Amino acid sequence: METVKKIEINKIVKVILITLFGSILLTISAKIKIPFYPVPMTMQTFIVLFLGITFGPKIGLLTVSLYLFEGIIGLPVFAGTPEKGIGFIYFSGPTMGYLLGFLAATYCAGSFKYDKGKINIFFKLVFSVSFIYLLGLVWLGLLIGWDKPIFRLGAQPFLLAELFKILLLLFLTPFLLKAKKITKII
């Protein structure tokens with residue numbers, strides 16, 4: 001009985017440490033940005049997919065949820081914080097749809113099996129990241145109006161950089177899958 005409790009406590013501590021590490025990584029990636037209007041270009045989409053592949057769907061989702069929670073309660077973890085506001089006010093701005101898309105993208109990227117060649121992996125990563133853009137564009141359209149060039153403002157400037165990030169992940173995937181075995185808990 002004592003051994004089982006120790007194993008459970010170790011498992012919980014490992015999940016907490018991995019989740020905190022992932023949240024810090026996501027925060028750092030938010031601060032690496034190129035300013036665009038109304039949404040900045042960051043390395044977050046790379047890290048979101050990275051977390052899904054490496055941590056799996058459950059811990060990846062937990063990590064992104066923690067990151068969003070930190071931002072909503074006012075910690076300066078988002079790309080435009082603290083200079084453009086903090087907390088729920090910033091969260092509910094133009095980037096909210098993209099931030100919510102992180103949840104779906106992480107879960108999706110973490111749920112796939114990556115054992116079928118580079119082209120297959122490429123399309124799985126594109127599919128996963130599409131949730132970020134889909135939710136981001138829908139929210140942006142609701143926020144600033146559908147009469148504006150939503151795709152041109154909220155997706156087009158990022159597509160070439162996104163392709164680069166996906167190609168980078170494509171070649172890192174074999175190494176990330178090895179790391180996933182280490183972080184496999186749930």
Using the crude model of +1 on Lys and Arg Cβ and -1 on Asp and Glu Cβ, and no other charge, please compute the dipole size for the chain relative to its Cα centre, in debye to 20.
640
Among 92, 166, 75 the positive-end extreme of the charge dipole of segment 2-183 (Cβ point charges):
166
If one takes the longest principal axis of the Cα atoms in the chain, at what angle in degrees, from 0 to 90 and to the nearest 10, does the Cα axis of helix 2-31 lie?
20
Taking the alpha-carbon centre of each part, the distance from segment 122-147 to segment 12-76 in Å is 18
Measure nothing fancy, just the Cα-based angle from helix 44-72's long axis to the longest principal axis of the chain, in degrees from 0 to 90, nearest 10.
70
Against the longest alpha carbon principal axis of the chain, how many degrees, from 0 to 90 and to the nearest 10, is the axis of helix 96-111 turned?
40
Hey, what do the phi angles of segment 155-170 turn into as Karplus ³J(HN,Hα) couplings, whole Hz, using 6.51/-1.76/1.60 and θ = phi - 60°, x for Gly and Pro?
9, 3, x, 9, 5, 5, 5, 5, 4, 4, 5, 5, 5, 4, 5, 4
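For the chain, what is the calculated [θ] at 222 nm in deg cm²/dmol (nearest 500), taking -39500 (n - 2.57) for each run of four or more DSSP H residues and dividing by its residue count? Don't skip to the answer; put the middle values down first.
On the way: 7 runs with 138 residues, N = 186.
Taking each H run of at least 4 residues, the total per residue is -25500 deg cm²/dmol.
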Please list the three semi-axes, largest first and in whole Å, of the ellipsoid equivalent to the chain, using sqrt of 5 times the eigenvalues of its alpha carbon gyration tensor.
29, 21, 12
Rounded to whole angstroms and listed largest first, the alpha-carbon spread of segment 67-124 along its three principal axes comes to 44, 16, 15
With respect to the cross-link table entries 124/165; 124/181; 14/118; 118/165; 33/180; 33/113, which display a Cα-Cα separation exceeding 23 Å?
14/118; 33/180; 33/113
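Read-outs throughout are calculated quantities, based only on the coordinates presented, and are distinct from any laboratory measurement. Since the model is a prediction, treat every value here as computed from it, not as a measurement. Virtual Cβ from ideal backbone geometry, glycine too; neighbours counted across all protein chains shown.
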